[in-house]
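Reading through the C-alpha cells given below for one structure.
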Amino acid sequence: MSNVGFIGVGYMGYGMAKNLLKKHNVYIFAHKNRKPVNKLIKIGAKELKNYSEIKNIKIDCLMMCVTNTPIAINVANKIKNYLNSNTLLIDLTTHDKNGTLKMNKIFQSKKISYNFCGVMGGPVQSEQGILGGIYGGKKNDFPKCKKYLNSFCKSVFNFGDVSKASSAKLLSNFLSLMTTTSVIEFFKSAKKLGINIKLLCDVARLGSGNSGALDRIANKAIKGNYKGYVFSVDNTYKDLNYINDLVSDLPNANKLSKLAKSFYKEASKKGFGNFLVSELIDKEKY
C-alpha cells in the first residue's frame, strides 16, 4: 500500500480521503474543522500535526485540496522543503488563471513533480467516488496519478499541461455555475409568480432546460428543502472572480460571468456567504 498525504479534508477533501483509505495508507493534516478529521481517523487515517512531520514518512503521493490560490501557494512554500523529489504532487485546488503556473514553479525549484487535477461534482459525488477529473501535467506522470485519482474519480481526462487543465476546470465551472444560477432564478421567479413549481420542473425536464443543476436542486426544493446544491455562496463568488478574469478578452463571456458574479457578491454582502447557493431560492431580499 502506498503512503498518501492529504492536505484539506474539508467539503470535497473528506470524501476523497475516505475513498483513498480503501487502497492506501492516508496521512491527513490538522484541519480547523475537526469533524471530518475525526471521522477519517476512526476509519484508519493518521493525523499529522504539522508539515515537518512529512520528513519522518515516505510519502509516495501528496494531494492538496484547499480553498483558493493564495492559500495553496502559502502551503506549497511551507511543504516544499519537506518533500523529496520522488513524491508525486497532485493539486486538486481550483486556481485562478495563473495559479498552477506559480505552483509548478515552486515545486520545480525542488525538482518535485507537480500535477493538477480539477474535479467536477460535489461532496456527495466525492464520497461516492464518482467525480470527474480534469488532469494536467507531464505525460509520463498521468498513469501514476490515475492510480490515486481513480480512488474517487469515475473518469479522468488528460488536457495536457497544467495551465490548460486549470483553464478547462474554470470553463467547466463557468458552465455549471451559470446553469445553476439560472435554475435558482427560475425557482425564485416561479415562487414570486405563484406558479406550481413541481409542474414547471416536470415540463423543464422534457426539454432543453433539463440539467444536472436542475436535478440536484429540484427534488429537494419542491419539498421545501433548499440544500440540494452543496456549494457555498462565497465559493461561487470566488470561482466566478477567477472565471471573469480568465475570459477578460472574450466580451460576451466576460459580461455573463460579471453579471453572475454580481449576484453572489450582493448575496455575500447581505450575510449569505456561508449559505449554499440553492438556499438563495428562499431568500426574498436577495
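The values are calculated or read from the model by the stated rules, or taken from the named source; none is laboratory data. Predicted, not measured: the structure shown is a model, and the values here were computed from it. Ideal geometry is used to build each Cβ from the backbone, glycine not excepted, and the neighbour counts take in all protein chains shown.
Remarks
- Qualifying positions in segment 157-174 - more than 14 Å from Asn98 (Cβ to Cβ) and among the hydrophobic types (A, V, I, L, M, F, W, C): Phe157, Phe159, Ala168, Leu171, Phe174
- In segment 203-236, residue surrounded by the fewest Cβ atoms within 10 Å (Cβ to Cβ) [restricted to those that are under 16 Å from the mean Cα position of the chain (by Cα) and either of a type in the set (Ser, Thr, Tyr) or not assigned by TED's automatic domain parsing to the domain that holds Gly273 (or both)]: Ser232
- Checked against (1) part of a helix (DSSP H, G or I); (2) in contact with a strand residue (DSSP E or B) (Cβ under 8 Å, 6 or more places away or on another chain); (3) surrounded by 17 or more Cβ atoms within 10 Å (Cβ to Cβ), Lys164 passes all but a single condition, namely (3).
- The one condition in (1) of a type outside the set (Val, Ile, Thr); (2) at pLDDT 95 or above; (3) farther than 27 Å from Phe231 by Cβ that Met63 fails to fulfil: (3)
For every residue, the table says whether it meets (1) within 29 Å of Lys261 (Cα to Cα); (2) basic (Lys, Arg); (3) surrounded by 14 or more Cβ atoms within 10 Å (Cβ to Cβ); (4) not assigned by TED's automatic domain parsing to the domain that holds Lys105.
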| site | (1), (2), (3), (4) |
| --- | --- |
| Lys146 | no, yes, yes, no |
| Asn150 | no, no, yes, no |
| Ser155 | no, no, no, no |
| Asn173 | yes, no, yes, yes |
| Thr181 | yes, no, yes, yes |
| Phe187 | yes, no, yes, yes |
| Lys192 | yes, yes, no, yes |
| Ile197 | yes, no, yes, yes |
| Cys201 | yes, no, yes, yes |
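- So Asn254, is it under 21 Å from the mean Cα position of the chain (by Cα) and either surrounded by fewer than 17 Cβ atoms within 10 Å (Cβ to Cβ) or of a type outside the set (A, V, I, L, M) (or both): no
- Helices (runs of 4 or more DSSP H) wholly inside segment 181-286 that include at least 3 residues being small (Gly, Ala, Ser): 212-221, 251-267
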